[in-house]
Amino acid sequence: MDLTKSKSLIVVMEGLGILLAAHAMGGYYLAPRLAEVFFKMPLLTIAMLSSSAISPLIALVYLALRTRFLPIFIVKREGFLYLFGGLISAWMVIFFSTLFLDMKNIPLKEEVLRTPHPYLYPTLFLLLLWGPLLEEILNRGYFFEILSQNWGRTKAVLFSSVLFVIPHGLWGYFDRSLIFIYLNSIIFTLIYMRGGLIPSTLVHAFVNSYMLYFD
């Protein structure tokens, strides 16, 4: 992967555009069809299967073909040390967010927890593991890596975290909660830089789990 400074910015913006377009197409066209076929399936599960579960995957395939680059899943020896530090740092961000946010009104929280069996566990899998994995590959494995080539690591950390926040704002709410999502994204990236994709994915999954069950 050898891109110029301007080309690297264009490529990551293309990736973001593909992500948002795929999410919208899935929500508007695939979701209604799934609802017709699987009429007993909760709407939340249908929405996740038709959009958030596949839109990052489509963006990943596009970027892989566009850049001819595949992220490497290397388990670094020191990764577990940074995993522990990341868990503590992410927990601190969540703790301080409780001082400014109403944690009982987290988007989709109550809807997820009310999902009936047998759809609860597939929904939790998509939210707590599948989603974090795809988002980490996309944001850290591609966006950060592409930007860091020519923009430097500091700018790449900050700007790739903006790209991480944008979909969360569009699919949730544009409010002060995005500040804490941005801070967590920086933590994920710092963990990725030191430990790789597996530790950053595990910390991301921890954040999603903790926020979901926080009361």
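Brief remarks on what is shown
- Any hit, the range 164-173, residues being farther than 23 Å from ILE54 by Cα and over 14 Å from the mean Cα position of the chain (by Cα): no
- Test: residue in the range 165-175 that is at pLDDT 95 or above, closer than 28 Å to SER6 by Cα and touching a Ser or Thr at 6+ places or on another chain (Cβ under 6 Å): no
- Set LEU49, LEU9, LEU19, LEU34: member being of a type outside the set (Val, Ile, Thr), under 21 Å from ARG114 (Cα atoms) and under 20 Å from the mean Cα position of the chain (by Cα): LEU49
- At least 1 residues being basic (Lys, Arg) is the threshold, and among the helices (runs of 4 or more DSSP H) wholly inside the range 136-215 those reaching it are 153-171, 177-195.
- Residues of the range 191-210 that turn out to be buried (at least 18 other Cβ atoms within 10 Å of the Cβ) and over 13 Å from the mean Cα position of the chain (by Cα), as a count: 6
- Hey, LEU87 touching a Pro at 6+ places or on another chain (Cβ under 6 Å), within 25 Å of LEU212 (Cα to Cα) and assigned to a helix (DSSP H, G or I) or not: no
- In the set ILE94, ILE106, ILE46, only one residue is at pLDDT 90 or above and closer than 30 Å to GLY27 by Cβ; that residue is ILE46.
- Residue match in the range 24-31 (condition: more than 20 Å from ALA205 (Cβ to Cβ), among the hydroxyl-bearing types (Ser, Thr, Tyr) and at pLDDT 95 or above): no
- Checking ARG140, ARG153 one by one, the residue that is of a type in the set (Lys, Arg), buried (at least 17 other Cβ atoms within 10 Å of the Cβ), within 23 Å of GLY86 (Cβ to Cβ) and out of contact with any strand residue (DSSP E or B) (no Cβ under 6 Å at 6 or more places or on another chain) is ARG140 and no other.
- Within this structure, ILE181 fails the test of being of a type in the set (Val, Ile, Thr) and crowded, with 24+ Cβ neighbours inside 10 Å.
- Those helices (runs of 4 or more DSSP H) lying entirely in the range 4-67 with at least 2 residues under 21 Å from SER148 (Cβ atoms) and out of contact with any Ser or Thr (no Cβ under 8 Å at 6 or more places or on another chain): 5-25, 55-67
The values are calculated or read from the model by the stated rules, or taken from the named source; none is laboratory data. Every value quoted in this text rests on a predicted model; they were computed, and no experiment measured them. Neighbour counts run over all protein chains shown; Cβ positions are idealised from the backbone, glycine included.
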